Amino acid sequence: MERPVFLEKLLSNIDNIHELGRQRAFELGNPFYAKYEGDGEYYTKELPTGERYLVSVEIIVDENDMPVQVKDTVIKQLSSQ
């Protein structure tokens, strides 16, 4: 079965999907969380200012098990990019 052209375009840019999420988070004034090789059990938190931190993350959910808050604890500051 042949894939539609629009799907092929989306899949060809799949490597950039995290950049789109990062850009959108910053547009909303939110930090961006990502798990990179070498982070171990933690996540990298990047602020719109470029500050980066290694953090532990706890997702707070409501009574319907829907996420309502991300609570993070800084493990250490990373170099800014």
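The values are calculated or read from the model by the stated rules, or taken from the named source; none is laboratory data. Predicted model, so just to flag it, every value in this text is computed and none were measured. Note: ideal-geometry Cβ built from the backbone for every residue, glycine included; neighbour counts use all protein chains shown.
Remarks
- Check on residue 29, without any contact (Cβ under 8 Å) to a residue 12 or more places away in the chain and either in contact with a strand residue (DSSP E or B) (Cβ under 6 Å, 6 or more places away or on another chain) or not acidic (Asp, Glu) (or both): no
- Single residue of segment 28-43 satisfying the filter (among the hydroxyl-bearing types (Ser, Thr, Tyr) and within 16 Å of residue 18 (Cβ to Cβ)) that is surrounded by the fewest Cβ atoms within 10 Å (Cβ to Cβ): 36
- Only listed residue being of a type outside the set (Ser, Thr, Tyr) and part of a loop (DSSP other than H, G, I, E, B), chosen from 65, 15, 72: 65
- Selected residue [touching a helix residue (DSSP H, G or I) at 6+ places or on another chain (Cβ under 9 Å) and surrounded by 10 or more Cβ atoms within 10 Å (Cβ to Cβ)] from 46, 51, 8: 46
- All of (1) polar (S, T, N, Q); (2) modelled with pLDDT of 85 or more; (3) surrounded by fewer than 10 Cβ atoms within 10 Å (Cβ to Cβ) hold for residue 81 with one exception: (2).
- Exclusive hit being modelled with pLDDT of 90 or more and not aromatic (Phe, Trp, Tyr), set 17, 59: 59
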